[in-house]
Amino acid sequence: MSASKFRNSIQNKNMATTAEREKTDRPHIQPVEPAQPTSSGIRSKISFGIGGLVLLLAIGWGVQKYMYSRGHESTDDAAIDGHIVPVVAKVGGYVQKTTATENDHVSEGQILVQLDTAELAVRLLQADADQSAARATAGGNGQAEAMVQTAAGQRGALEAQVSLARANAARAHSDLRRMQELASKQIISLQQLDAARAAAAVADAGVSAAERQAAAAGGTVSGAEAGTRLADARLSAANAMKENAALQLSFTRLIAPASGTVSRKTVEVGQLLQPAQQVMSIVADTGAFVTANFKETQLSRMKVGQPVDIDVDAYSGCTASGKIQSISGATGSKFSLLPPENATGNFTKVVQRIPVKIAIVKDCGAARPLRPGMSVAAHVQTG
């Protein structure tokens, strides 16, 4: 090998060694990669989006409620109401039979309770006998009428005697006048004239006696007629007593005053009932309605006939329809046991509530009946 080639190889080795040394001495630099998003950032974006959506929904709900409130008046102080008819005993007696149990449906006129009839049946028989006795002495061919006819006949006979006595008196006075003329001419004696005068006086006395007897007979007739009227009055009283006895006997059957459902039955066989004692109640089928107690500040735009939406708490999703039927003439507090008396000095202003009766136009169907006492929310469309 020549010297020049040897020097070149030595230089090449030195250069290679220097390059390796420089390569070893330089720091290691990694290539830069693009940054990846973290999980916390993703959650923040999702939370922000959900929050925005909730805010939009809240704003929409608020706007909807505001628009709804402008055309509606609502209250949850409302309940289903209805006609609850009491069944009351009108007469006392022992219970023989009951035909209805709790929650049974009964029809109007159906016999619910039968009382013992023995005592009242005897009273009816006695009243019937009293009626027959009164009829025997009253009007028609009764005893009082017969007495009137007899008295009238006697009065007629005495009036005839009065006529006869008056005729005799007239003849006696005529004879007396003739006797006086004859006596003035001295044709007859004074004894004959005195006899004529005596005969005229006797005839006048006969007339007076007959008239008095006729007047007494008239009084007898008036008394007999008064007796007839009294007998007729007694007959009317006997008729009334018989009707009352029959009515009392009919009251031994307690009948349903209306069709509906039996509730609060408190009567059993063998029980002794007293007059005016309540034995059960009937929730009538005449139809339920809603009594809603609105604040007095809500009534300015409410009037009869406005439609009402009724939310029934017992049936989820059930919204019945109704309309305002009437508005109470006073607040509910005025009918309380102790109404407020603001003039005493202890005055605290409280917003009062006024009952509003709402007729139900459309209910929740036969499968979901509206029973009195159920809670509802009423929304009146005033807009």
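The values are calculated or read from the model by the stated rules, or taken from the named source; none is laboratory data. Since the structure is predicted, the reported quantities are computational estimates derived from the model, not experimental observations. Cβ sites come from the backbone with ideal geometry, for glycine too, and all protein chains shown count toward neighbours.
Assess whether ALA144 counts as being at pLDDT 70 or above, among the small types (Gly, Ala, Ser), in a helix (DSSP H, G or I) and touching a helix residue (DSSP H, G or I) at 6+ places or on another chain (Cβ under 6 Å).
So ALA144 does not fit the description; no.
Just to be sure before I move on: is LYS323 in contact with a Pro (Cβ under 7 Å, 6 or more places away or on another chain), closer than 16 Å to ILE358 by Cβ and not acidic (Asp, Glu) in the structure I sent?
When the stated conditions are applied, LYS323 passes them.
GLU341 - would you say it is loosely packed, with under 11 Cβ neighbours inside 10 Å, in contact (Cβ under 8 Å) with a residue 60 or more places away in the chain and charged (D, E, K, R)?
Criteria not met by GLU341.
Taking the range 211-248 as the region of interest, how many residues are at pLDDT below 70 and more than 30 Å from ARG123 (Cβ to Cβ)?
Counting residues in the range 211-248 that are at pLDDT below 70 and more than 30 Å from ARG123 (Cβ to Cβ) gives 14.
Return only the number of the condition from (1) surrounded by 12 or more Cβ atoms within 10 Å (Cβ to Cβ); (2) without any contact (Cβ under 8 Å) to a residue 12 or more places away in the chain; (3) in a loop (DSSP other than H, G, I, E, B) that LEU370 does not satisfy.
The number of the failed condition is (2).
How many residues are surrounded by fewer than 19 Cβ atoms within 10 Å (Cβ to Cβ) and either under 27 Å from the mean Cα position of the chain (by Cα) or assigned to a strand (DSSP E or B) (or both) when one looks only at the range 268-288?
Matching residues across the range 268-288 total 11.
Would you tally the residues in the range 334-383 being of a type in the set (Gly, Ala, Ser) and touching a strand residue (DSSP E or B) at 6+ places or on another chain (Cβ under 8 Å)?
Qualifying residue count for the region: 6.
Restrict the check to the range 192-210 and report whether at least one residue is within 30 Å of ALA133 (Cβ to Cβ) and modelled with pLDDT under 70.
Scanning the range 192-210 turns up no residue that is within 30 Å of ALA133 (Cβ to Cβ) and modelled with pLDDT under 70.
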